[in-house]
Protein chains: 2
Amino acid sequence: MLRGDITKAIRNAVMNELAQVGYGRLSIEAVARRAGVGKTAIYRRWSNKLEMVLEIVSDVAGRAVPLPDTGSFAGDLQLLMMIATKALQHRYASQIIPDLMAEAARNPKIAETLQKALRSHQQAVGDKLVGQAVARGELPADADPELAVDLILGPLYWRLAVARTPVSDDYLERLTELVTAALQAGSSAR
Amino acid sequence: MLRGDITKAIRNAVMNELAQVGYGRLSIEAVARRAGVGKTAIYRRWSNKLEMVLEIVSDVAGRAVPLPDTGSFAGDLQLLMMIATKALQHRYASQIIPDLMAEAARNPKIAETLQKALRSHQQAVGDKLVGQAVARGELPADADPELAVDLILGPLYWRLAVARTPVSDDYLERLTELVTAALQAGSSAR
DNA sequence: CTACGTCGTAACGGTTGCGTTCCGGCGTGC
DNA sequence: GCACGCCGGAACGCAACCGTTACGACGTAG
């Protein structure tokens, strides 16, 4: 019976508030103000701040990103890099993710939710990316998907979300090149 | 005339409080309680929370990490990896850095301070690491220190501070191997 | 031994947010 | 057309923290 447009307005307000002030300073009252709704409408849906944020964030984060399959490892990698770059440059990602990550270190419930939403998904991407490459014979059978994903997403996340330095097309190209070289060389070395 | 032991207790309390509740929820009163001092003692030293945190954090972060010079690029790299791993596993680093990074996205003063404390230092490490390798002829003259540092610290930070997955010696070894391959291959490719 | 400055404690008024409750209004389903 | 349930708004008592002030105790410098 809860009105859908109200729920939507609240979800939206939570994401914006989260990006603007962070979880620590997010208040129910501010969310209600921003959404243009009464506090009552919020407490009718969730029982407290933690539950509300977790439900909304995991819903947003859980939306599956289409896994790449361009036909070649180089193509898959390049596509993944571009998708990740775009995603990490989004305001939600670059502000909310570090904030919730820091929060997760203190709150097991947040940690658990984020792991489900982010890490399992990331692992699926890694498995598919490397699996496809192995099937095509582009990487050896013992290539480590976990390590591969760390090597791909790590530098991008570091640069975009931590150092907050802009990423040029040229930079992205060179990074892709280096990572490709690493994964191929790392395999032949073993 | 300010008593040094009091100042020290406050600095300590701020770091602990920062790690435990984050910047957003850090309160002067809690710091005073934890340090076992009066609020007066704090306000006598800093005028507000932001100034206090910035001064203390930049002091801690500014302590120079000795730059590696083991005589070979492989050795330098391995040493750097180990130092970074250890540093990122420290409670202060793994909790405070993501928190302040998220905060920096909203507050230019924090961003500026952190860039000075972290990024410039990181750049110096990269320049020295790559510079030494170039001088030894282990990397070509046009090797990009910036890219190199991203590739080295990115995966570690991702794994330790974001994914919060433990890093085994074996994993570290393989990562070092891959990064070495990447930097050498990337050079020969150009 | 005196005077000064720092110390902790306690209190101040003011703000913000919590989670709850009551209200009158409005729209929908029956 | 009537009752029900959601809606926003307003207020509640409670708690935390802000930044400031006043106070008496202590310790040290001169």
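The values are calculated or read from the model by the stated rules, or taken from the named source; none is laboratory data. Quick caveat, the model's predicted, so the values are computed rather than measured. We place every Cβ from the backbone using ideal geometry, glycine too, and count neighbours over all the protein chains shown.
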Worksheet item: Hey, residue B:119 hits all of (1) farther than 29 Å from residue A:180 by Cβ; (2) within 10 Å of chain A (Cβ to nearest Cβ); (3) surrounded by 15 or more Cβ atoms within 10 Å (Cβ to Cβ) but one; which does it fall short on?
Response: (1)
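Please state which one of B:170, B:150, B:142, B:127 is in contact with a Lys or Arg (Cβ under 7 Å, 6 or more places away or on another chain), of a type in the set (D, E, K, R) and part of a helix (DSSP H, G or I). Reasoning before the result, please.
Working: B:170 fails: in contact with a Lys or Arg (Cβ under 7 Å, 6 or more places away or on another chain); B:142 fails: part of a helix (DSSP H, G or I); B:127 fails: in contact with a Lys or Arg (Cβ under 7 Å, 6 or more places away or on another chain).
So the residue among B:170, B:150, B:142, B:127 that is in contact with a Lys or Arg (Cβ under 7 Å, 6 or more places away or on another chain), of a type in the set (D, E, K, R) and part of a helix (DSSP H, G or I) is B:150.
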Practice prompt. Mind counting the residues in the stretch B:52-102 that are in contact (Cβ under 8 Å) with a residue 60 or more places away in the chain, of a type in the set (D, E, K, R) and over 18 Å from residue B:126 (Cβ atoms)?
Written response: 2
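Taking the stretch B:127-145, which residues are without any contact (Cβ under 8 Å) to a residue 40 or more places away in the chain and either small (Gly, Ala, Ser) or farther than 15 Å from residue B:80 by Cα (or both)?
Filtering the stretch B:127-145 for residues without any contact (Cβ under 8 Å) to a residue 40 or more places away in the chain gives B:127, B:130-131, B:134-135, B:137, B:141, B:144-145.
Listed by number, the residues that qualify are B:131, B:134, B:135, B:137, B:141, B:144.
Search the stretch B:113-170 for residues being among the small types (Gly, Ala, Ser) and under 16 Å from the mean Cα position of the chain (by Cα), and hand back the single one that is farthest from residue B:50 (Cα to Cα). Explain how you work it out, then say what you get.
Taking the stretch B:113-170 first, the residues among the small types (Gly, Ala, Ser) are B:117, B:120, B:124, B:126, B:131, B:133, B:135, B:137, B:141, B:143, B:148, B:154, B:161, B:163, B:168.
Cutting the leftovers down to under 16 Å from the mean Cα position of the chain (by Cα) gives us B:117, B:120, B:124, B:126, B:154, B:161.
Details: B:117: 16, B:120: 22, B:124: 27, B:126: 30, B:154: 28, B:161: 24 Å.
Per the criteria, the residue is B:126.
Go through A:72, A:27 for me and flag whichever is of a type in the set (Ser, Thr, Tyr), more than 26 Å from residue B:107 (Cα to Cα) and either within 11 Å of DNA strand C (Cβ to nearest atom) or away from chain B (no Cβ under 14 Å) (or both).
Values: A:27 fails: more than 26 Å from residue B:107 (Cα to Cα).
One residue alone meets the criteria, A:72.
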Worksheet entry | Exclusive hit being more than 16 Å from DNA strand C (Cβ to nearest atom), under 24 Å from the mean Cα position of the chain (by Cα), more than 13 Å from chain A (Cβ to nearest Cβ) and at pLDDT 90 or above, set B:79, B:67 | B:79
Item to complete: Examine the stretch A:123-136 for a residue that is surrounded by fewer than 22 Cβ atoms within 10 Å (Cβ to Cβ) and within 11 Å of chain B (Cβ to nearest Cβ), and state whether such a residue exists.
Response: yes
Discussion item. Any residue that is within 14 Å of chain B (Cβ to nearest Cβ) and not hydroxyl-bearing (Ser, Thr, Tyr) - is there at least one of those in the stretch A:35-46?
Written reply: no
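Quick check on this structure: which one of A:114, A:139 is more than 9 Å from chain B (Cβ to nearest Cβ), surrounded by 21 or more Cβ atoms within 10 Å (Cβ to Cβ), among the aliphatic types (A, V, I, L, M) and within 22 Å of residue A:76 (Cβ to Cβ)? Reasoning before the result, please.
Working: A:114 fails: within 22 Å of residue A:76 (Cβ to Cβ).
Result of the check over A:114, A:139: A:139.
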Discussion item. Here is a check on your reading of the model: is residue B:38 more than 13 Å from the chain's Cα centre (by Cα), within 16 Å of DNA strand C (Cβ to nearest atom) and either farther than 25 Å from residue A:164 by Cα or assigned by TED's automatic domain parsing to the domain that holds residue B:163 (or both)?
Written reply: yes
